[in-house]
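For reference, the structure is listed below as C-alpha cells.
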Amino acid sequence: MPGLRIAMLVPPWYELPPRGYGGIELVVTELIGALMRRGHEVTLFGAGTRTGTGAAFVTTRPDPQHTRIGQSLPELVHVAQADRLIDDGGFDVVHDHTSVGLVTAASRSTPTVSTVHGCPTGELGDFLRASSPAAGLVAISHAQRRLGDGLDWAATVHHGLTVAGPARPEVGAGPVLWLARFTPEKGPDLAIAACRAAALPLVLAGKCGEPEEQRYLDEVIRPLLHPGVQLVTNPPAVHYRELLSRARCLLLPVRWEEPFGLVMLEAMAAGTPVVALRRGAVGELVRDGETGVVCDDPDHLADALHAAAGLDPAACTEHVRTRFSPDLMAQGYERVYRDRAACPR
C-alpha cells in the first residue's frame with residue numbers, strides 16, 4: 001500500500017527528542033522513526049528550532065514552552081497556528097498528541113487521530129466526553145481504556161521503545177531508583193519508606209519544574225530525606241539513562257491509575273527490573289516474577305526490592321524488544337490512520 005502523508009502534532013513544551021523529561025516527546029520520536037521506515041512521509045508540527053527526528057519540521061514558535069506546562073493558552077495558540085499550516089499541507093491524516101486539539105479537530109479538513117496521554121477521569125474525562133467525535137481517540141493501554149469506558153475509542157496502541165544493544169549480564173549493583181515527576185501520585189514518599197525498610201540506598205530522580213512539584217518536594221519529601229537517599233532534580237536524559245543502567249531496580253509505587261508509565265519500558269529495556277504497585281497499566285507492562293515484581297500493598301515493597309535482584313536482565317530486555325517495539329506501535333497506528341483517512345469528512 002502507498003505511504004501516507006502524516007501531520008504529527010505535538011504539544012509546544014519540548015523539542016524532539018527531549019533532552020530531559022518528556023515522555024510524549026520520546027514516544028513520538030520513536031513513532032516518527034518507525035513510520036518513516038515503513039514508507040510514510042511525516043511532518044512534525046511543534047515548537048523550538050530543531051528536531052532530532054527524520055521528519056520535516058514546522059515550528060509555530062522558536063521557544064519551547066516548558067515553563068508554562070499546565071497552562072491552556074500557549075497550547076491553544078500553538079494548535080491554532082499549526083491547524084492553519086496543516087490545512088494547507090495536503091496531508092492524509094493528522095496525529096494529534098495535544099489536549100486542546102480535540103477542540104479544533106472538527107474544523108480540520110484532514111481527518112484526525114488523537115492519542116489520549118492522560119488519565120481519562122475527572123476533568124479530562126469530562127472534556128473527552130464533551131469533545132467532538134471528529135477525532136479518533138486512541139488509548140495507550142487497556143487499563144486507560146477501561147477507565148474511559150463509554151468513550152468512542154478507535155483503538156488501543158501501546159507505546160514502543162527501541163532497545164539499544166544486547167542485554168547486560170547481571171542486574172545492576174547500584175541503588176534502587178525512583179524516576180518520575182515529584183507528585184503524590186508517583187509515590188516518592190512510599191519509595192523512601194520501602195527502601196528504609198529494606199535497608200537499601202535510594203536515588204530519587206525526577207522532574208521538578210512546576211510550582212506544585214516544587215512545593216511537594218520542599219514540604220513533603222525533603223523532611224523525609226536521610227543519608228541513604230540521594231536527590232536528583234531535573235536530570236538530563238543522558239544522566240537518568242545512566243542511573244537506569246546502574247540501578248538494582250526501578251521502584252514505582254504509584255498511587256493513581258497510571259495510563260502507561262514509559263519509564264518502566266525504559267528500565268526494562270536497560271535490563272533493570274521494575275518493582276511497582278498494581279495500579280493502572282503496571283500489570284500490562286511488567287511480567288510479575290519475570291521482568292519485575294508487582295505488589296498489591298505498599299508493605300510488600302521492601303521484600304520485592306530484594307526479590308527483584310534475582311531476576312534475569314535479559315528477560316527484561318527481550319520483553320521490551322518483542323512486546324513493545326516501535327514497529328509494533330507504528331503498525332497499530334497505521335491501521336487507525338488508514339481507517340480515519342478512508343472516512344468521509
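The values are calculated or read from the model by the stated rules, or taken from the named source; none is laboratory data. What you see is a predicted model, and the numbers here were worked out from it, not measured in a lab. With ideal geometry, Cβ positions are generated from the backbone for all residues, glycine too; neighbour counts draw on all protein chains shown. For the accessible areas, the whole protein counts, side chains as well, though only heavy atoms, and no ligand, DNA or RNA atoms are used. Shrake-Rupley method; radii C 1.70, N 1.55, O 1.52, S 1.80 Å.
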How large is the convex hull of the C-alpha atoms of region 10-74 per residue, in Å³? 79
Using amide H atoms built 1.01 Å from N in the peptide plane, name the residues 5+ places from residue 16, or on other chains, whose amide H lies under 5 Å from its own. 52
Values of log10 I(q)/I(0), in the order q = 0.09, 0.10, 0.11 Å⁻¹, for the chain under a Debye, Cα-only, solvent-free model: -0.48, -0.59, -0.72
Near the amide H of residue 57, under 5 Å away, which other amide H atoms are found, from residues 5 or more places off or on another chain, if H is placed in the peptide plane? 44
For region 69-203, projected area of the alpha-carbon convex hull averaged over all directions, nm²: 11.9
Quick one: angle between helix 326-341 and the longest Cα principal axis of the chain, in degrees between 0 and 90, rounded to 10, please. 30
Where does region 179-219 land on the Kirkwood hydrodynamic radius, alpha-carbon pairs, in angstrom? 10.7
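With runs of 4+ DSSP H residues as the only contributors, calculate the mean residue ellipticity of the chain at 222 nm using -39,500 (n - 2.57) per run, divided by the residue total and rounded to the nearest 500. Display every interim value, and only then the final one.
Numbers: 13 runs with 123 residues, N = 345.
Helix-only estimate at 222 nm: -10500 deg cm²/dmol.
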Among 161, 59, 309, whose Cα lies farthest out toward the positive end of the dipole of the chain, if unit charges sit on the beta carbon of Lys, Arg (+1) and Asp, Glu (-1)? 59
Please state the relative contact order of the chain as a whole percent: Cα pairs under 8 Å, 6+ residues apart? 17
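Quick check: at a probe of 1.4 Å, how many percent of the accessible area of region 143-229 sits on carbon and sulfur atoms?
Details: 2140 of 3970 Å².
The nonpolar share, carbon plus sulfur, comes to 54 percent.
Starting from the Cα gyration tensor of region 224-279, take the square roots of the eigenvalues, sort them a ≥ b ≥ c, and report rounded, prolate or oblate (rounded when a/c is under 1.5, otherwise prolate if a/b is larger than b/c, else oblate).
Values: a/c = 1.61, a/b = 1.15, b/c = 1.41.
Oblate.
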Please determine, in degrees from 0 to 90 and to the nearest 10, the orientation of helix 72-87 with respect to the longest principal axis defined by the Cα atoms of the chain, where the helix direction is its Cα long axis. 40
Over all directions, how big on average is the projection of the convex hull of the alpha-carbon atoms in region 206-302, in square nanometres? 6.8
Round to the nearest 10 and give me the degree value, 0 to 90, for the angle of helix 237-246's Cα axis relative to the longest principal axis of the chain. 40
P(r) over all Cα-Cα pairs of region 32-109, 5 Å bins from 0 to the longest distance, whole percent per bin, short to long, reads 3, 14, 25, 25, 20, 11, 2, 0
Centre separation in Å (Cα based) which lies between region 21-83 and region 84-101: 11
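Determine Rg/Rh for region 151-196; Rg is computed over alpha-carbon atoms and Rh is the Kirkwood hydrodynamic estimate from the same atoms. Provide the component values of the computation, followed by the final result.
Numbers: Rg = 16.9 Å, Rh = 14.9 Å.
Ratio value, two decimals: 1.13.
By average Cβ neighbour count within 10 Å, what is the ranking of 186-199, 165-178 from highest down? Kindly include the intermediate steps, with their values, before the conclusion.
On the way: 186-199: 20.4, 165-178: 16.9.
Ranked from most to least packed, the peptides come out as 186-199, 165-178.
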q = 0.11, 0.15, 0.19 Å⁻¹: log10 I(q)/I(0) that the Debye formula gives for region 150-230, counting C-alpha atoms only: -0.46, -0.72, -0.89
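Report Rg(Cα)/(2.2 N^0.38 Å) for region 296-345, keeping two decimals.
That ratio works out to 1.99.
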